[in-house]
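Q: What follows is a structure written as structure tokens; I'll ask about it next.
The values are calculated or read from the model by the stated rules, or taken from the named source; none is laboratory data. Everything quoted here is computed from the prediction, not taken from an experiment. Every residue, glycine among them, receives a Cβ derived from its backbone with ideal geometry; neighbour counts consider all protein chains shown.
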Amino acid sequence: MIRPALLLLLAAAAFGQESGVQSLASKALAAELTRIEQESGGQLGLAAICPEKNLRIGWRATDRFPLAELAHLPVAIRTMALMEAGLLPFRKWVRVEPGSYVSGHSPIRDRYPEGAVLTIGQLLRYAIAENDASASDVLLTLSGGPQPLTSTMQRLVKDGLRVDRTTKEMRADLEKLGPQAIAADPRDSTTPEAYTALLTLVHRRMLLKPKPAELLLTWLSEASQSPQRLKALLPADVRVWHLPATCGAKDKTNLCTSDAGGIVLPGDQGNILLSVFLKLSPREEADREKTLAEAARAVYRFFTTPE
């Protein structure tokens, strides 16, 4: 396995500059991430930025990783932007048919097995706060489908994030083709760098008007799924808002397990926007979640420990 270089750059590098930084702290972080990746049995990818310190780091930050449920955030952003433009009403009632339900985690499907009638606002909350893939697929259709969503993301994060299929379609392809083929497919994928850039825009309230921007962050803060990932090994006084994702497994290989969000440091220490991915690991879910938690802790220590 080729060892990836630790990308340690001033935030200005996000705008095309190449300011490298070398330190004992960065060498220690690189060694820790190397250990974590080797023990995972898969490929680890992450990107993090601390806006208050004007510093970002990355590990396989420009490699592509499957989106899975992380697509819910771009879907919600486009849907809410259309609502702001008056093209979709927040309280519009939508019939969710049982045939649109997605396998895996779907609270809507579990609560309404015969189908449901919900508002777009309710679907948005299900998609983000409850990580419901069925709700996200319905919203993706209502907002015009994958192509306009990918065009929106290209304007925000260039070619680093693309949505090409519904979750239901992607999972069907995974079952037919297997994890290796899907991992090599650029469709429905993102780079850690691009996803963290999107998180930074969400954090800075730059994508939506103030009220919907705060509502989106509230939903992300309410997300209770996968508590053993980003926050598991962080101090108790650190607050996290996040969106987890878990792709399926086949032939004893998990396609991708990930978590992305914001780490709100206590006091006035600032924030860390972080995306962590693990693809093609043969480990059980608890071990994969531990990998993400250890990576998040390593990043946290890097940003909060004095040089």
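Q: If you take the residues of the stretch 67-89 that are touching a Pro at 6+ places or on another chain (Cβ under 9 Å) and of a type outside the set (A, V, I, L, M), which of them is farthest from Gln269 (Cα to Cα)?
A: Restricting to residues being touching a Pro at 6+ places or on another chain (Cβ under 9 Å) and of a type outside the set (A, V, I, L, M), the top hit is Glu84.
Q: For the stretch 232-241, check the following and say yes or no: at least one residue is closer than 30 Å to Leu88 by Cβ and part of a strand (DSSP E or B).
A: yes
Q: Let me ask something else. Would you be able to tell me the number of residues in the stretch 103-146 that are at pLDDT below 95 and hydrophobic (A, V, I, L, M, F, W, C)?
A: Residues flagged as at pLDDT below 95 and hydrophobic (A, V, I, L, M, F, W, C) within the stretch 103-146 amount to 0.
Q: Okay, moving on. Let me confirm something: among Leu292, Leu273, Leu220, which residue is assigned by TED's automatic domain parsing to the domain that holds Leu177, touching a Leu at 6+ places or on another chain (Cβ under 7 Å) and within 30 Å of Ala81 (Cβ to Cβ)?
A: So the residue among Leu292, Leu273, Leu220 that is assigned by TED's automatic domain parsing to the domain that holds Leu177, touching a Leu at 6+ places or on another chain (Cβ under 7 Å) and within 30 Å of Ala81 (Cβ to Cβ) is Leu220.
Q: Here is a further query. Of everything in the stretch 250-266, what is surrounded by fewer than 24 Cβ atoms within 10 Å (Cβ to Cβ), within 17 Å of the chain's Cα centre (by Cα) and free of Cβ contacts under 8 Å to residues at least 60 places away in the same chain? Give them in sequence order.
A: Residue satisfying the conditions is Val264 alone.
Q: Just to verify a result, which residue in the stretch 167-193, among those that are of a type outside the set (Lys, Arg), part of a loop (DSSP other than H, G, I, E, B) and without any contact (Cβ under 8 Å) to a residue 40 or more places away in the chain, is surrounded by the fewest Cβ atoms within 10 Å (Cβ to Cβ)?
A: For the stretch 167-193, the residue satisfying everything is Ala184.
Q: Among Ala184, Ala223, Ala194, which is small (Gly, Ala, Ser), farther than 23 Å from Glu130 by Cα and either within 17 Å of the chain's Cα centre (by Cα) or modelled with pLDDT under 95 (or both)?
A: None of the others qualify; the one that does is Ala194.
Q: Let me ask something additional. Which pairs do you get when a residue that is at positive phi, found in the stretch 94-121, comes within reach of a residue that is surrounded by fewer than 16 Cβ atoms within 10 Å (Cβ to Cβ) and in a strand (DSSP E or B), reach meaning Cβ atoms under 9 angstrom, with the pair 6+ apart or on two chains?
A: Gly115/Arg95
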